[in-house]
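Read the figures in this text as sums done on the coordinates, not as results from a lab. Note that this is a predicted model, so its numbers are computed, not measured. So basically every Cβ, Gly included, is an ideal-geometry build from the backbone, and we count neighbours across all protein chains shown.
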Amino acid sequence: MLKIRNDLVQDGELHDDYLHRRLFPVNIRLYQNNGHYYAMIHSIVGYMKRILETKYDDYTSLKGISGANIGVPFNIIVVKNASDYLVMLNPSIDYAKGNQQVSSNCGSLVLPKPIPVMRAEDIVVSYCNLEGRIRTFNTSNKQLSATLQHEILHNMGKLITDAS
């Protein structure tokens, strides 16, 4: 059984089931046409950014966060990108090329040390931005590529312990 951080799991919830749930897509039509839904998604994104800005004693540096990390049912990720944030609604990996082995950890799991996982070096991600427009993002930055893949896989219910 996996050990998941206590702040993510409710009483009676199976530890090894919680993060293996695939998240729901953000309904983009509703996002564009309903002010309450729009405000809710923006509130979630704001919360995710604040978590990324927080310093933790037991975790060196958060590079990204997914809806799965904070217990919301929506396919949203926020990743630090240089001095800004990359916010993606409904991200999916369209293209992946090259293999790299990276040492990875996860803020949702209690792991004694980072574990080796394989990630693509070059990826293309499709997503909706906060204006509700479909975009693609290409990167060959190895760290950013690995972080994006980690967070997208989180929202698909896949963990780094599944791939190792």
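Where both partners of a DSSP beta bridge lie in segment 15-163, what percent of those bridges are antiparallel, to the nearest 5?
If we restrict to bridges inside segment 15-163, about 95 percent are antiparallel.
Taking the number of other C-beta atoms within 10 Å as the exposure measure, put GLU53, GLU121 in order starting with the fewest.
GLU53, GLU121
Neighbour counts of other C-beta atoms within 10 Å: give me MET118, MET48 arranged from fewest to most. Provide the component values of the computation, followed by the final result.
Numbers: MET118 13, MET48 24.
By the 10 Å Cβ count, ascending: MET118, MET48.
Kindly put TYR127, TYR85, TYR31 in sequence by how many other C-beta atoms sit within 10 Å of each C-beta, fewest to most. Present the calculation step by step, with values, prior to reporting the outcome.
Working: TYR127 23, TYR85 16, TYR31 19.
Taking fewest neighbouring Cβ atoms as first place, the list is TYR85, TYR31, TYR127.
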